Amino acid sequence: MFKVNKLYSILLLILLYTTAIHSQEKVVLKKADKLTGKTENGETIREVTGNVHFIQGDINVYCNTAIQYVEANRVELTGNVRIFQDTLSLFTERGVYFGNEQKAVCNSGITLKDPNASLRANKGIYTFADTKAFFTGNVIIVNPTYRITSDELTYFRNTEDSYCKGNVTVTTDSMIIKAGVLNYLRRQGITYAYDNASVIKDSVFISADTLKDFAFEKKSIATGSVILNDLRSKGVVKGDYLENYSAKKYAIVKGNSQLIKPEENSKDTLFVYSDMLESFREEPEYYIATDNVSIIKGDFLSKSGIARYSKGLKDSVDIFALSKKPVVWQGNMQLTSDSVYAIIKNDKIQTVYAIKIWGLPKSEFSFLINQSDSTFNNRFDQITGKKISIFFEEGKISLVKVDSTSSGIYFAYEDKNANGMNIFEGENMVIYFDTAQKVTKVKIEKDPVGKYVPENLINTVNTTLPGFYIRRDKPFRKIN
């Protein structure tokens, strides 16, 4: 073990010595049309003009005029400056070459070219030993497969990694990424973007505080103030965290998730709020919202544990499937059930279906509550049953069908005065409503039972059905 460690130590010393000797190799003047020299404070200074050529190892330096500080191993270069090393070419009008560091500093515009890329900037520093370029001011790097512009860029030729700052834009054949700070690791296919980051890819625009893009996996991860804008469907998704899979046309958003579907009439714009939202952009497009779901579209409001939203075969149709304790409000109507299915056409509610699911833990019958006369704020028409189908005209209830055994209560009015209450039950009933949302007729197909309670006896009977409960937690639009 001792011999092995000693061998490693010797090799390390040899490497360090070789590196030191190489880094201090003198810059040699190979050619010039004119040479003058002098000594100042012990420093030998050469001034050369015309077809100037210096060399240091495999590095060749050309220019029109130069001042060489021999002991300092530094050369000030002016006019048509060209520096070459193997496949690397560097061009500028004025620069300084530091032989000890093998470094070129250019403050009058700089262009660097190699087989992988071409870089340009107002100023730049290139160190030959570690193949590192540090450019500032109107930086641009061009490769056959990508283009980067920024205020500042650090580029490593051996790995093709770029570290950029200030107004950064990366353009490839499949995407455009922008940010205040960006790391582009080309060979790994990974981009890290920070500070007002954004990417547009496959007709999807994503902006966030931070963004990671994985080109080979066709995947993007965004965190902080995330916005996904589907440029095809015009849908906007927001949240705290997002994963987007462009090949699958799928995205998942977590934390304060929102879906916004704008309409010409802003009142009809769709808003979906939830803890988590999944976007499926393949045709037919649909979304699944999970946990603490709230939906707002015009007068249609709902809350549930899970909601699925999709467009019908025609864009004018919106379809909602709600589960896990859903509740729906439409005007003065409230509907609860195990599951609710709603259809909106041309921004008008058309049909709502509520279905009890047998075998579901804590399953409840579908329950419809409607206040037909707000003057009597403690009187609610009620219908309960296994399956309730509600049909609307111009946003108002026109017909209700109830399958299987069901029961109901509706209040009667005459000349704007209360006029008793009707209690009914049976199988397969149809309830008709007038334009004022009052019950006009009830048809019961099988085993009908009905009872009328006069106004003066209403206080002697129960005016609510089992399971009656008014929800006061209607959702509202969030301002952000």
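The values are calculated or read from the model by the stated rules, or taken from the named source; none is laboratory data. Just so it is clear, the model here is predicted, and its values are computed rather than measured. Backbone-built Cβ (ideal geometry, glycine too); neighbour counts: all protein chains shown.
Of note:
- Condition met for Ser246 (farther than 19 Å from Tyr287 by Cβ and either of a type in the set (S, T, N, Q) or crowded, with 21+ Cβ neighbours inside 10 Å (or both)): no
- Restricting the first member to the range 247-266 and to residues that are more than 15 Å from Lys478 (Cα to Cα), and the second to residues that are modelled with pLDDT of 90 or more and not in a strand (DSSP E or B), the beta-carbon pairs closer than 6 Å and six or more apart or on different chains are Ala247/Lys218; Glu263/Thr269.
- Close pairs (7 angstrom Cβ cut-off, 6 or more residues apart or separate chains): in contact (Cβ under 8 Å) with a residue 60 or more places away in the chain in the range 27-43, outside any strand (DSSP E or B) anywhere: Val27/Asn73; Val27/Gly99
- Qualifying residue in the range 371-380 (condition: within 19 Å of Ser302 (Cα to Cα) and either of a type outside the set (Gly, Ala, Ser) or touching a Lys or Arg at 6+ places or on another chain (Cβ under 6 Å) (or both)): yes
- Residue in the range 122-138 that is over 30 Å from Glu40 (Cα atoms), surrounded by fewer than 17 Cβ atoms within 10 Å (Cβ to Cβ), among the polar types (S, T, N, Q) and free of Cβ contacts under 8 Å to residues at least 24 places away in the same chain present: yes
- The one condition from (1) closer than 26 Å to Thr460 by Cα; (2) part of a loop (DSSP other than H, G, I, E, B) that Ser363 does not meet is (1).
- Qualifying residue in the range 445-466 (condition: within 17 Å of Gly331 (Cα to Cα) and of a type in the set (Val, Ile, Thr)): no
- The range 322-355: number of residues that are outside any strand (DSSP E or B) and surrounded by 18 or more Cβ atoms within 10 Å (Cβ to Cβ): 4
- Among the residues making up the range 432-480, a single one is over 56 Å from the mean Cα position of the chain (by Cα), charged (D, E, K, R) and not in a strand (DSSP E or B): Glu455.
- Answer from Ser304, Ser316 - the residue that is at pLDDT 95 or above, over 15 Å from Gly235 (Cβ atoms), in contact with a strand residue (DSSP E or B) (Cβ under 9 Å, 6 or more places away or on another chain) and of a type in the set (Gly, Ala, Ser): Ser304
- Thr159 being part of a strand (DSSP E or B) and polar (S, T, N, Q): no
- Restricting attention to the range 217-257 and to residues that are among the basic types (Lys, Arg) and modelled with pLDDT of 95 or more, the residue that is farthest from the chain's Cα centre (by Cα) turns out to be Lys254.
- Residue match in the range 413-423 (condition: within 30 Å of Gly298 (Cβ to Cβ) and assigned to a strand (DSSP E or B)): yes
- Of the strands (runs of 3 or more DSSP E) entirely within the range 35-116, those holding at least 1 residues that are modelled with pLDDT of 95 or more and over 22 Å from Phe156 (Cβ atoms) occupy 43-56, 59-69, 74-85, 88-98.
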